[in-house]
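Visitor: Let me give you the structure first, and then I'll get to my questions.
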Amino acid sequence: MSVDVILHVDKQHGYKHPCVQTLAWSCSCWPSHSGIGCLSSPTRLTCSFEFQSVILPVHNADLWLDECLESVLQQDFEGTMELSVFNDASKDKSMTIIEKWKPKLEGSGILVVVGGHDSPSPRGVGYSKNQAIAQSSGAYLCFLDSDDAMMPGRVRLQYEAAVQHPTSIIGCRVRRDPPGSTERYTRWINQLAPPQLLTQVFTAHGPTVIMPTWFCSRAWFSHVGPFDEGGQGVPEDLLFFYQHLRKGGGVLRVDQTLLLYRHHPHAATHSVLETTIWTHRVRFLEERALPSWTSFTIWNAGKQGRRLYRSLTAASRRKVVAFCDVDENKIRKGFYCYEGAQERPKPRVPILHFRAARPPFVLCVKLDLTGGEFEDNLRSLHLQEGRDFLHFS
């Protein structure tokens, strides 16, 4: 099978609308011995167009929309492009700004599709993204948050990568605004090595290519999606990312800074509780990684390590042979007893020095916080990430 595309010409506006009919792909799945993903490649892909849809959900974004829409206008992509905006019950001047920019964008050859609703309350980011995608026509989807701005080469460079990897999510590096905000997180986003885009999917940071940088084919999105529409408090990007990985999708990053990524207190991500994210992460770890391990050690006998242990199912807890640490006080205690366990006698898990413990490890130590001491200790064991250890914190 292949992608068969028909270009429908809108004679009134001069736009070409592609109709994607069918797609088939062959995907390699995650090797069972390590739980690490690998990229997929299409069996055959027949394509005679370059039509992109920028997907832009909007809710009360008038502070940033001018710069966001200017960045759409400044794209240097030479193919056909449309902007699909869905207004999720904005009560500010967002729609006025969108209507102001619509003729400017269309005058430069960018089709603008605007949808939305004016209900008393917004229906959430997942719903808005799904609606913006449904009303769009492009064969490739470029996701953009209304408080961010793209660099001129973003659509072009990510499209080039997506054509080569049609079953992958393509991300990019970012520049944080204001500068210096969330420094550790920003370094993580920009500096992960290619294999780590698949091995570090269990961490508290979430998707290894962040949602505002996503670019993918419509056919692959349709195969994986849609986004969860549970509304405020639902990590729709994380849930989609996990489902993408379950389907055998790949993860790539264009190693150029292509997005201005804003940090501010009104961002939707702040509505998602840490406990909600934690629960999804634990379940995904148990689903994807732990089944291939007969036993493992939790690196960190402190608060986070014990929390992970308590969050595991009874079957997964039985695989934990030890905690390990560098804290002599914890090591001298000798063991951790889980008082909340239903088993009798209650589990008593040994606490060892990290050099006395055996892999594989689930690491519950935050990176980039100990002046390099933890990273040096880990490197000294000459282990392979994905096979011998996985990061969880």
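The values are calculated or read from the model by the stated rules, or taken from the named source; none is laboratory data. This is a predicted model, so every value here is computed, not measured. Don't worry about glycine lacking a Cβ; one is built from the backbone with ideal geometry, like all the others, and counts go over all protein chains shown. What goes into the accessible areas is simple: the full protein's heavy atoms, side chains included, and nothing from ligands, DNA or RNA. Shrake-Rupley method; radii C 1.70, N 1.55, O 1.52, S 1.80 Å.
Visitor: Taking the solvent-accessible surface of protein heavy atoms with a 1.4 Å probe, what is the per residue accessible area of the stretch 112-218 in Å²?
Guide: Result: 33 Å² of accessible area for each residue.
Visitor: Give me Rg/Rg_expected for the chain, where Rg uses Cα atoms only and Rg_expected = 2.2 N^0.38 Å with N residues.
Guide: Normalised Cα radius of gyration, the chain: 1.08.
Visitor: Same structure again: Less than 23 Å apart at the alpha-carbon level, and either on another chain or at least 8 residues along: which lysines does that give for Lys303?
Guide: Of all the lysines, those that pass the test against Lys303 - Cα under 23 Å, at least 8 places apart if same chain - are Lys319, Lys330, Lys333, Lys346, Lys366.
Visitor: Ok, one more. Pop out the Kirkwood hydrodynamic radius of the stretch 183-236 from its pairwise C-alpha distances, inverse of mean 1/r, in Å to one decimal.
Guide: Across the stretch 183-236, the inverse of the average 1/r is 13.0 Å.
Visitor: Taking all protein chains as present, what is the carbon and sulfur share of the accessible area of the stretch 289-339, in % to the nearest whole number, probe 1.4 Å?
Guide: Values: 1160 of 2370 Å².
That share works out to 49 percent.
Visitor: Provide the per residue accessible area, probe 1.4 Å, for the stretch 262-393, rounded to a whole number of square angstrom. Please report the intermediate quantities before stating the final value.
Guide: Values: 6890 Å² over 132 residues.
Solvent-accessible surface per residue comes out at 52 Å².
Visitor: With springs only between Cα atoms under 10 Å apart, run a GNM on the chain and tell me which of Arg253, Arg154, Arg262 wobbles the most.
Guide: Arg262
Visitor: Carbon-plus-sulfur fraction of the accessible area of the stretch 56-136, 1.4 Å probe, in percent?
Guide: Numbers: 1730 of 3450 Å².
Roughly 50 percent, rounded to a whole number.
Visitor: So, one more: Sequence gap at least 6, Cα distance under 8 Å: using those rules, report the relative contact order of the stretch 213-295 to the nearest whole percent.
Guide: With pairs under 8 Å counted, the relative contact order is 30 percent.
Visitor: Can you tell me the FRET efficiency between His263 and Cys337 if r is taken as the Cβ-Cβ distance and R0 is 56 Å, rounded to the nearest 0.05? Could you put the intermediate results ahead of the total?
Guide: Working: r = 41 Å, r/R0 = 0.73.
Using R0 = 56 Å, I get an efficiency of 0.85.
Visitor: Run the reach check for Lys129 against aspartates and glutamates, Cα to Cα strictly under 13 Å, same-chain hits fewer than 8 apart removed. What comes back?
Guide: Asp88, Asp145, Asp228, Glu229, Glu236, Asp237
Visitor: How high is the relative contact order of the chain, in percent, with contacts defined as C-alpha pairs under 8 Å that are six or more residues apart?
Guide: 16 percent
Visitor: Now for a different question. Long-range amide H contacts for Val54: which residues qualify at under 5 Å (H placed 1.01 Å from N, peptide plane, sequence gap of 5 or more or a different chain)?
Guide: Under 5 Å from the amide H of Val54: Glu82, Leu83, Ser84, Cys142.
Visitor: Given the rule -39500 (n - 2.57) for each run of at least 4 DSSP H residues, summed and divided by the residues of the chain, what is its mean residue ellipticity at 222 nm, to the nearest 500 deg cm²/dmol?
Guide: Working: 13 runs with 117 residues, N = 393.
Calculated at 222 nm, the ellipticity per residue is -8500 deg cm²/dmol.
Visitor: What number, in percent, do you get for the relative contact order of the stretch 242-374 if the mean sequence gap of Cα pairs under 8 Å and at least 6 apart is divided by its residue count?
Guide: Once divided by the residue count of the stretch 242-374, the mean separation gives 23 percent.
Visitor: In addition: Leaving out ligands, DNA and RNA, and with a 1.4 Å probe, what % of the accessible surface on the stretch 211-268 is carbon or sulfur?
Guide: Accessible surface attributable to carbon and sulfur in the stretch 211-268 totals 45 percent.
Visitor: Which loop GluC sites (Glu not before Pro) in the stretch 316-363, with loop taken from DSSP, have no more than 14 other Cβ atoms within 10 angstrom of their Cβ?
Guide: Glu339, Glu343
Visitor: Oh, and also: Ranked by accessible surface with a 1.4 Å probe, highest first, in what order do Asp228, Asp118, Asp237, Asp325 come?
Guide: Order by accessible area, largest first: Asp118, Asp228, Asp237, Asp325.
Visitor: Pick from Ile331, Ile277, Ile210 the residue whose mean-square fluctuation is largest in a GNM of the chain, springs joining Cα atoms under 10 Å.
Guide: Ile331
Visitor: Tell me which residues come under 5 Å, amide H to amide H, from Ile210 once H is placed; ignore anything under 5 positions away on its chain.
Guide: For Ile210, the qualifying residues are Cys172.
Visitor: So which residue, out of Lys104, Lys346, Lys91, gets the largest mean-square fluctuation from a GNM of the chain using Cα contacts under 10 Å as springs?
Guide: Result: Lys346 has the largest fluctuation of those listed.
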